[in-house]
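Single-structure report; data block below.
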Amino acid sequence: MTKQSLNDLAIFGGQPASETQLHVGRPNIGNRQQLLARINDLLDRRWFTNNGPYVHEFESRLSELLGVKHCIAVCNATIGLAITIRALGMTGEVITPSFTFIATAHALQWQEITPVFCDIDPQTHNLDPRCVAALITPRTTGILATHVWGRPCAIEPLIEIAQHHNLKLMFDAAHAFGCSYAGHMIGNFGEAEVFSFHATKFFNTFEGGAVTTNSDELAAKIRLMTNFGFSGYDRVIYLGVNGKMSEPAAAMGLTGLECLDEFVAVNRRHYKRYEEALADVPGVRMIQYEEAERNNYQYVVLEIDETATHITRDLISSALHAENVLARRYFYPGCHRMEPYRSYFPHAGLLLPETEKLCQRVLSLPTGTGVEAQDVDLICDLIRFVIEHGAEVSQKISSLTGAG
Ligand code: T4K
């Protein structure tokens, strides 16, 4: 680390600390030879999609791994969410967090269901069950909860609320592949759970996802809906869409599954390295994972308390970007502050005080197999340097931009 004075920071004209860009969502690849062998195979077979042999194999491997009865592979989690919402018969209003990726809300609004944004528990970043209960109206038909950062929601209280009010409960498990709750793998809770295997997730199929459920009836419905409602040649028995996973995607998935433990190990190593290096930096708190459970450690998330750092999260982020460290402010500014929700519910923030606060504090850092241990050290040194000089950096940026 070569930053000795403020002028060494790239934001003030110094050399960027990293020559290459360090990303939060750099894809993990796995064994390239295995992947290419599978791609060759599927080319020879000339079977590219529509429930091919790789998709079959992928689905059964996933079911086995998660200990769940049914797994339906889909082309992305957003369509998986939309199909599951429809298959469950959700209508009217569905309670969901604003502190989530926009796809969670869009999957509801896309089918004219109102996402009712609910506040979170600031400790867990997940839906606060007490706030959920307070938002139930006669129009509420369900709860769509996200396991943010792969940390399980308050599953039992949510199940109780859903049962008490006769609501459907499903989970956006986009972040939670390979994670467990009370010793059971995520994928087994609520009526159904939806995973994302997007390129930026620690386990990816380029684009892709999966819906898991222990209900035979729901699984059959979701399968039909994923393939236009076809139940056989020339026979459509249900309203459906195209949500199918392709064979190259499943080939990537099968290859990734063979390296899953390695991906988690790398994430955990980076996570621990960050934790140790940042432990005594004032105003910085890293989100914690429950060590007794299985975690994928795919998100390294800081909460920045600017009263202690004397520099805002946004300026820290700008300083890092100038150094080629592309930290991300997930999930700033919150779904309720994005369109169309911002126009539909201009006062939603009043009911979301914890979400509003958290959106100003979070910063996700690069991790995964695309990042080396020395990159983690470099990022930690930069964060420490910027925060140690927090007030001065802040002042200098303001004077340069004429702000404040
Ligand atoms: N629910 C939740 C809670 C989710 O987080 C997500 C997705 C979904 C549902 C929907 O799942 P999918 O329908 O996507 O399966 C990214 C991802 O695109 C998105 O999948 C993910 N969540 C979200 C948290 O992050 P962006 O708009 O931030 O992506 P982007 O393009 O800025 O990429 C992030 C970083 O990764 C960049 O620094 C570049 C790097 N990157 C990205 C890609 C695609 C690479 O290095 N290589 C790549 O191939 O949303």
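Anyone know which of Arg269, Arg86, Arg46 comes out most mobile in the 10 Å Cα GNM of the chain?
Arg46
Roughly what % antiparallel, to the nearest 5, for the DSSP beta bridges in the chain? Walk me through the numbers before you get to the answer.
On the way: 24 of 42 bridges.
Given both bridge residues lie in the chain, the antiparallel proportion sits at roughly 55 percent.
Using a 10 angstrom cutoff on alpha carbons, build the Gaussian network for the chain and name the most mobile of Phe195, Phe230, Phe171.
The residue with the greatest mean-square fluctuation here is Phe230.
In whole Hz, what ³J(HN,Hα) sequence does segment 211-225 give by Karplus (6.51, -1.76, 1.60; θ = phi - 60°), x for Gly and Pro?
Rounded to whole hertz, the list is 10, 10, 7, 9, 9, 4, 5, 5, 4, 4, 5, 5, 4, 4, 5.
By count of other Cβ within 10 Å, fewest leading, how are Met245, Met286, Met225 ordered? Don't skip to the end; give the middle numbers.
Values: Met245 29, Met286 16, Met225 23.
Fewest-to-most Cβ neighbours within 10 Å comes out as Met286, Met225, Met245.
³J(HN,Hα) across segment 380-394 via Karplus (A = 6.51, B = -1.76, C = 1.60, θ = phi - 60°), whole Hz, x for Gly/Pro?
5, 4, 5, 4, 4, 4, 5, 6, 4, 10, x, 5, 5, 4, 4
Amide H neighbours of Ile120 under 5 Å, at least 5 residues apart or on other chains, H built in the peptide plane: list them.
Asp128, Glu354, Thr355
Suppose R0 equals 45 Å; then what is the FRET efficiency for His164 and Arg268 from their Cβ-Cβ distance, rounded to the nearest 0.05? List each step's numbers first, then the result.
Values: r = 38 Å, r/R0 = 0.84.
After rounding to 0.05, the efficiency reads 0.75.
Using the Karplus equation 6.51 cos²θ - 1.76 cosθ + 1.60 (θ = phi - 60°), what ³J(HN,Hα) coupling, rounded to whole Hz, does each residue of segment 20-31 give in order, writing x for Gly and Pro?
Karplus-based 3J(HN,Hα) across segment 20-31 equals 9, 6, 9, 9, 6, x, 5, x, 7, 10, x, 7 Hz.
If a/c stays under 1.5 just call it rounded; otherwise compare a/b with b/c (prolate if a/b is bigger, oblate if not). Do that for segment 152-242, with a ≥ b ≥ c from the square roots of the Cα gyration tensor eigenvalues. Spell out each step's value before the answer.
Working: a/c = 2.74, a/b = 1.30, b/c = 2.11.
Cα axes put segment 152-242 in the oblate bin.
What is the distance, in nm, between label points placed 7 Å from the Cα along the Cα-to-Cβ direction at Ala182 and at Thr401?
Calculated label separation equals 4.7 nm.
Using amide H atoms built in the peptide plane, which far-off residues or other-chain residues are under 5 Å from Lys168 H to H?
So Lys168 has HN proximity to Gly142, Ile143.
Is the shape of the chain best called rounded, prolate or oblate, per the rule: a/c under 1.5 gives rounded, else a/b larger than b/c gives prolate, else oblate, with a ≥ b ≥ c the square roots of the Cα gyration tensor eigenvalues?
Details: a/c = 2.11, a/b = 1.38, b/c = 1.53.
It is oblate, given that a/c is not under 1.5 and a/b is not larger than b/c.
Just check segment 20-71 against the gyration tensor rule for me: Cα atoms, a ≥ b ≥ c as the square roots of the eigenvalues, rounded for a/c under 1.5, and otherwise prolate or oblate depending on whether a/b exceeds b/c. Walk me through the numbers on the way to the answer.
Details: a/c = 2.50, a/b = 1.22, b/c = 2.05.
It comes out oblate by the Cα gyration axes.
Could you please state, rounded to a whole Å, how far the C-alpha centre of segment 342-371 is from the C-alpha centre of segment 76-151?
15 Å
In the chain, how many lysine pairs have Cα atoms under 30 Å apart, counting only pairs 8 or more places apart or on different chains?
17
For the chain, what relative contact order do you get, as a whole percent, if you take Cα pairs closer than 8 Å and at least 6 residues apart? All intermediate terms of the calculation are to be shown ahead of the outcome.
On the way: 823 pairs, mean separation 91.0, N = 404.
Contact order relative to length: 23 percent.
Based on a Kirkwood Rh over C-alpha pairs, give the Stokes-Einstein translational diffusion coefficient of segment 1-140 at 37 °C and viscosity 0.692 mPa s in µm²/s.
Details: Rh = 20.1 Å.
Stokes-Einstein gives a translational diffusion coefficient of 163 µm²/s.
Could you give the nm distance between label points at Ala134 and Glu275, where each point is 7 Å from its Cα heading toward the beta carbon?
3.3 nm
Could you please state, rounded to a whole Å, how far the C-alpha centre of segment 299-340 is from the C-alpha centre of segment 161-196?
Result: 28 Å between the Cα centres.
For the chain, set up a Gaussian network in which alpha carbons nearer than 10 Å are linked by springs, and say which option among Lys244, Lys221, Lys357 fluctuates the most.
The residue that fluctuates most here is Lys357.
With n ≥ 4 as the cut-off for DSSP H runs, can you work out [θ] at 222 nm for the chain, using -39500 (n - 2.57) per run divided by the number of residues, rounded to the nearest 500?
Working: 15 runs with 157 residues, N = 404.
Estimated from H runs of four or more residues: -11500 deg cm²/dmol.
Going by how many other beta carbons lie within 10 Å of each one, how would you line up Val148, Val241, fewest first?
The fewest-first ordering by Cβ neighbours comes to Val241, Val148.
Only the coordinates and a few stated rules stand behind these numbers; no lab work does. In this text, all values refer to a predicted model and were calculated from it rather than measured experimentally. Note: ideal-geometry Cβ built from the backbone for every residue, glycine included; neighbour counts use all protein chains shown.
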